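*Asks:* Quick one: the structure is below, and I'll ask about it shortly.
The values are calculated or read from the model by the stated rules, or taken from the named source; none is laboratory data. All of these numbers come straight from a predicted model, not from anything done at the bench. Using ideal geometry, Cβ is built from the backbone for each residue, glycine included, and neighbour counts are taken over all protein chains shown.
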Amino acid sequence: MNKPVKNKVTEAASCSSTQPEDSNFVLTKGPVLLKEPATSIHYGVEITDNYAWLRAQNWKEVLQDGKVLPEPIKKHLHAENRYTARVFKNTKSLQAQILAELKGRIKEDDSSIALPDGAFDYFTKYTEGQEHPVFCRRSRDTAAEEILLDGNLTAKKYKFCDIGAVVQSPNHKNIAWSCDTEGSEFYTIRIRDTAKGKDARQKIEMSDGSIVWAKDCKSFYYVAIDESHRPHSVRRHIIGSKQEDEIVYREQDDTYFVDLTQTQSGDYAVISVGGHTNTQEWLVDLNAVDTKIQLITARRDNILYESSHHSDRLFILTNSDALDFKIVMTPLNALDAKNWVDYIPHKHGVMILSMQVLKNHLVRLELENGTPRIVVHSLLDAQEHSITFDEEAFDLDLIDGFEFDTHLIYFRFSSLAKPQETYAYDLETRERTLFKRCDIPSGHKPEHYITKRLFAKADDGELVPISLIYHCKTPLDGTAPCLLYAYGAYGYASPPAFEAEPLSLIDRGFIYAIAHVRGGTEKGRTWYEQGKLNNKINTFTDFIACSKYLSAHQYTREGLIVAQGVSAGGMLMGAVANIAPHLFAGIIADVPFVDVLNTILDAELPLTPPEWLEWGNPVLDFEAFNYIRSYSPYDNIKPQAYPAIMALGGLSDPRVTYWEPAKWVAKLRSTMTGGGPVLLKTNMSAGHGGASGRFERLDDVALTYAFAIAAVNAKRFTQ
């Protein structure tokens, strides 16, 4: 790559607005970014990137310390931030009002449910006015409460602070805790004596934050990350030892990432190595003195599995000969797949999302046609019953507990209109006890809102689920604006769960909708397979079909829809902006993966090798190269009118690097023939997840909602 040249950025003088003040946007010219063509050739195809210089040559160092960002790039990102502030000048009071609403829905003095573990109940809490969680425990005998780690005290030292994990040792005398202070997801692990409340001098850098203690409490296991931000090995740290940590497992293939978990039984750690299409796991006996690992079964193409221990056997959730997953069983002394026996058989269209294995019960979370249920299976007599709710669209989530010999499980329920409720459930008596209901301090009446599950017909005849909510007073005559959200990648389902934040739009007359497009698993594993690799176009056309359906059925109309997506969902936003810009008043692309072709061609980037399993490998496969090139948002920007676009990025983001949204915005402005404005805001001290504080992060939410309102107002004015 050519070196960036200084003084590439100039800020054009503001021009007077031609729109009425109530349109909210102040129309000015954005930063002018000079072009420096960088050309590469692949399969004889010449690709020119005028803004490649925005990728700093020292980008790895930038991830860990934003201060080393080259000055010309820093100058441009600051110029973009100032431009965005100018465009939103007239919305300051609106943003302040929305921000007050958002904060008013957060219970400032709040706590999670307390989960039992031996002599203690462990929980987190927030205190009034504070940004970060406080990690606590309470004696089950005396009810005496103690603070293990105060995230607010830790955060005082840093601009960004994310506590990754706080894990108690089996004897409860220590905690190992991890923290990211840049937003780059490089976590540092420390060990704290719970009696003294002090950390040991030793600390472990370059971790992904995951921690599993050995049973003797003298050591723990963790995942190490290399300089390219790839979790590549599991290591064992002996408390107090000055010797280099032992490498328990090292993965040599960059297309696979390493993960570490603990079985509910507490007897084993599970090293899981895999990508999006296959898995390989090893068991680590946490009772053993040595670190010998035991392979479960070798990786096979397109076979995923995850293991849970029970007595002298494993239960394994897998898609082997089971598109939507099944649960098999195998003895500990015969782990290989040839010995697996079906325990919960496969049922097409019923996706088994997860399972919990307890001493006397196996509990699984299923999804059928977008509707979840919890199924309880007795390991004593094989009897089953289900836990479900009488709602049209809702979300269920199993909570991982600490105890194995228990008849209690914990789960969360919410719907688009009903705030989250947390239940304890007795697996034997089937008694459901409400432990906690999310409180909305400013007030919320679910009966004032209407929720629906709709189905839009895609281009190929598939029915795409849509979950939506609107205020009971909102007219359904095509005049209501709509915020339409989607993700559609990696097999992740977008649950129709309660979110307090969109109420600021819903109460202003917006329809809020979730398009469950292909690429997720809302309709089973097939739904995912039809939205990846050479089927990726289905994700985009599904979203467009949902937009047209909502317009045709008078929920909104074309030109009054604001589309929103995050990360891979941001790629979806870039694609539909190119394909059907007329449908949208605005597009919100949060940390958007929009420079797809350049990123997936670059094996040096942190996530690229594993991503080949999701998108295809354009380095070795000409067909994949051509297909990605056909939809990559950055490569398909056209000389046409675009809707208003708001892009958000994070300087230390290792997943979607800061230059992707920056390049995308620059190219849009230089190519488009009308529409806009096109805006970029880069958080200079955060990464993929944005600001770390629970209140601080709301500033961007208020900004994007003000953008949605302004975009709709501007569109109404021009129609």
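*Asks:* Among the residues of the range 424-478, how many are of a type in the set (Ser, Thr, Tyr) and outside any loop (DSSP other than H, G, I, E, B)? Walk me through how you get there before you give the answer.
*Replies:* Taking the range 424-478 as the starting set, the residues that turn out to be of a type in the set (Ser, Thr, Tyr) are 425, 429, 433, 442, 449, 451, 467, 470, 474.
Next cut, outside any loop (DSSP other than H, G, I, E, B) only: 425, 433, 449, 451, 467, 470.
Residues that pass the stated criteria total 6.
*Asks:* For the range 621-633, indicate whether the set of residues that are within 27 Å of the chain's Cα centre (by Cα), surrounded by fewer than 24 Cβ atoms within 10 Å (Cβ to Cβ) and under 25 Å from residue 62 (Cβ atoms) is non-empty.
*Replies:* Among the residues of the range 621-633, not one is within 27 Å of the chain's Cα centre (by Cα), surrounded by fewer than 24 Cβ atoms within 10 Å (Cβ to Cβ) and under 25 Å from residue 62 (Cβ atoms), which makes the answer no.
*Asks:* Only one of these conditions is not met by residue 659: (1) in contact with a strand residue (DSSP E or B) (Cβ under 8 Å, 6 or more places away or on another chain); (2) within 26 Å of residue 185 (Cβ to Cβ); (3) not aliphatic (A, V, I, L, M). Which number is it?
*Replies:* (1)
*Asks:* Take residue 167 and decide whether it is buried (at least 16 other Cβ atoms within 10 Å of the Cβ), out of contact with any Lys or Arg (no Cβ under 8 Å at 6 or more places or on another chain), free of Cβ contacts under 8 Å to residues at least 60 places away in the same chain and not acidic (Asp, Glu). Please lay out each step first, then the result.
*Replies:* Values: buried (at least 16 other Cβ atoms within 10 Å of the Cβ): yes; out of contact with any Lys or Arg (no Cβ under 8 Å at 6 or more places or on another chain): yes; free of Cβ contacts under 8 Å to residues at least 60 places away in the same chain: yes; not acidic (Asp, Glu): yes.
Against the criterion (buried (at least 16 other Cβ atoms within 10 Å of the Cβ), out of contact with any Lys or Arg (no Cβ under 8 Å at 6 or more places or on another chain), free of Cβ contacts under 8 Å to residues at least 60 places away in the same chain and not acidic (Asp, Glu)), residue 167 qualifies.
*Asks:* Right, here's the next one. Would you point out the residue of the range 479-506, among those that are in a strand (DSSP E or B) and over 15 Å from the mean Cα position of the chain (by Cα), that is farthest from residue 569 (Cα to Cα)? Full working, then the answer.
*Replies:* Residues of the range 479-506 that are in a strand (DSSP E or B), as a first pass: 482-485.
Subsequent filtering for residues that are over 15 Å from the mean Cα position of the chain (by Cα) retains 482-484.
Working: 482: 17, 483: 14, 484: 12 Å.
Among them, the one singled out is 482.
*Asks:* While we're on this one: Give the residues of the range 48-58 that are surrounded by fewer than 15 Cβ atoms within 10 Å (Cβ to Cβ) and either touching a residue at least 40 places away in the same chain (Cβ under 8 Å) or assigned to a strand (DSSP E or B) (or both), sorted by residue number.
*Replies:* So the first thing to find is which residues in the range 48-58 are surrounded by fewer than 15 Cβ atoms within 10 Å (Cβ to Cβ), and the list is 48, 57-58.
Answer for the range 48-58, where residues must be surrounded by fewer than 15 Cβ atoms within 10 Å (Cβ to Cβ) and either touching a residue at least 40 places away in the same chain (Cβ under 8 Å) or assigned to a strand (DSSP E or B) (or both): 48, 57.
*Asks:* Can you tell me which residue in the range 182-203 is nearest to residue 697 (Cα to Cα), limited to those that are buried (at least 20 other Cβ atoms within 10 Å of the Cβ) and β-branched (Val, Ile, Thr)?
*Replies:* 189
*Asks:* Do the conditions hold for residue 657, that is, is it part of a strand (DSSP E or B) and either under 21 Å from the mean Cα position of the chain (by Cα) or at pLDDT below 90 (or both)? First the steps, then the outcome.
*Replies:* Working: part of a strand (DSSP E or B): no; either under 21 Å from the mean Cα position of the chain (by Cα) or at pLDDT below 90 (or both): yes.
For residue 657, the condition - part of a strand (DSSP E or B) and either under 21 Å from the mean Cα position of the chain (by Cα) or at pLDDT below 90 (or both) - is not met.
*Asks:* Return the pair list, or none, for Cβ contacts closer than 6 Å from residues in the range 300-313 that are over 20 Å from residue 402 (Cα atoms) to residues that are in a strand (DSSP E or B), at least 6 apart or on different chains.
*Replies:* Close Cβ pairs (under 6 Å, with a partner that is in a strand (DSSP E or B)) amount to 304/279; 305/279; 305/316; 305/318.
*Asks:* Mind checking which residues of the range 251-299 are among the aliphatic types (A, V, I, L, M) and either under 24 Å from residue 405 (Cβ atoms) or over 26 Å from the mean Cα position of the chain (by Cα) (or both)? Reasoning before the result, please.
*Replies:* First pass over the range 251-299, keeping only residues among the aliphatic types (A, V, I, L, M): 258, 260, 269-271, 273, 283-284, 286, 288-289, 293, 295-296, 298.
Once the filter is applied, which keeps residues that are among the aliphatic types (A, V, I, L, M) and either under 24 Å from residue 405 (Cβ atoms) or over 26 Å from the mean Cα position of the chain (by Cα) (or both), the range 251-299 yields 260, 269, 270, 283, 284, 286, 288, 289, 293, 295, 296, 298.
*Asks:* Report yes if some residue within the range 114-126 is in contact with a Phe, Trp or Tyr (Cβ under 6 Å, 6 or more places away or on another chain), more than 21 Å from residue 403 (Cβ to Cβ) and in a strand (DSSP E or B); otherwise report no.
*Replies:* Taking the range 114-126 and keeping what is in contact with a Phe, Trp or Tyr (Cβ under 6 Å, 6 or more places away or on another chain), we get 114-115, 117, 124.
If we keep only those that are more than 21 Å from residue 403 (Cβ to Cβ) too, we end up with none.
No, the conditions are met nowhere in the range 114-126.
*Asks:* Given the range 229-280, what strands (runs of 3 or more DSSP E) lie entirely inside it while holding 2 or more residues that are among the hydroxyl-bearing types (Ser, Thr, Tyr)?
*Replies:* Qualifying strands (runs of 3 or more DSSP E): 268-274.
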